[in-house]
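Everything below concerns the one structure shown next.
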Amino acid sequence: MDKLFIYLTDLSGGAALFIIFGILVICGLGFPLPEDIPLIAAGYLVWDGTITWVPALLVTLGGVVVGDTLLFFLGAKLGVKFLKNRGVNRLYSPDKIKRTRAYFRKYGDKIVFIARFFAGLRAVVFFMAGSMHMKYRRFIFLDFLAAVISVPIWIGIGFGLGKLFGDQIDQILKGVKEVKTVVTIILAIVAVVVVIKVVANYRQAKAKKA
């Protein structure tokens, strides 16, 4: 993480935007790279004048959306075949897969929106959204809505750390780790509340059918 941040913040304007875009696309495909680091680096580069706000926002949002879109269509193309695999059917019966699809169709909007904020869930959920035949326009609307919230926040954090610590990279990296911990805790609490609500609604709906 530290080396990636230092590498990105040493780049010139055009190169920085191009590489940040590429990393975000790769992150969207599920590769184990921290998406928040290039976003924070973009904020830092805005602070030091290497790039400006508008290109930073457009490029980062574009990278996020392109990566998520590729993963969605990968799920749409391979997901059905994957679910029909004999090995998968041994673990998950066709009836269970059918019920899972119905559950995802019912609560998919909430799941897709929340997943954008969690690196560990994002790739799986977006692949599933494609494999469950969620309409792309619905998926991209929810994904973009969540990205419009999360991306500027991370860029703003990078800008703020630059303003607080300037060129003191050690202090900035320490601040990044502390901020990530706090944000993760807050998001985890929000996710737990939403999951509890979704489960409660699911149980109520199931009880009514019974």
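The values are calculated or read from the model by the stated rules, or taken from the named source; none is laboratory data. Model, not experiment: these values are computed from the prediction. FYI the Cβ positions are ideal-geometry reconstructions off the backbone, even for glycines, and counts take in every protein chain you see.
Condition (residue is outside any helix (DSSP H, G or I) and without any contact (Cβ under 8 Å) to a residue 60 or more places away in the chain) applied to the stretch 137-153: is it met by at least one residue? No: the stretch 137-153 contains no residue that is outside any helix (DSSP H, G or I) and without any contact (Cβ under 8 Å) to a residue 60 or more places away in the chain.
Would you call residue 180 more than 18 Å from residue 69 (Cβ to Cβ), at pLDDT below 85 and touching an Asp or Glu at 6+ places or on another chain (Cβ under 8 Å)? Against the criterion (more than 18 Å from residue 69 (Cβ to Cβ), at pLDDT below 85 and touching an Asp or Glu at 6+ places or on another chain (Cβ under 8 Å)), residue 180 qualifies.
Residue 22: part of a helix (DSSP H, G or I) and surrounded by 18 or more Cβ atoms within 10 Å (Cβ to Cβ), yes or no?
No, not satisfied.
Remark: pairs (first residue in the stretch 104-118, aliphatic (A, V, I, L, M); second residue surrounded by fewer than 17 Cβ atoms within 10 Å (Cβ to Cβ); Cβ separation under 7 Å; 6+ apart in sequence or on different chains) = 114/191; 114/194; 115/121.
The set of residues from the stretch 12-56 being free of Cβ contacts under 8 Å to residues at least 24 places away in the same chain and under 15 Å from the mean Cα position of the chain (by Cα) comprises 31, 32.
Give me the residue from the stretch 1-11 that is in a loop (DSSP other than H, G, I, E, B) and over 22 Å from the mean Cα position of the chain (by Cα) and, out of that set, farthest from residue 54 (Cα to Cα).
10
Give the residue, chosen from 204, 171, that is more than 20 Å from residue 116 (Cα to Cα), at pLDDT below 75 and not hydroxyl-bearing (Ser, Thr, Tyr). Result of the check over 204, 171: 204.
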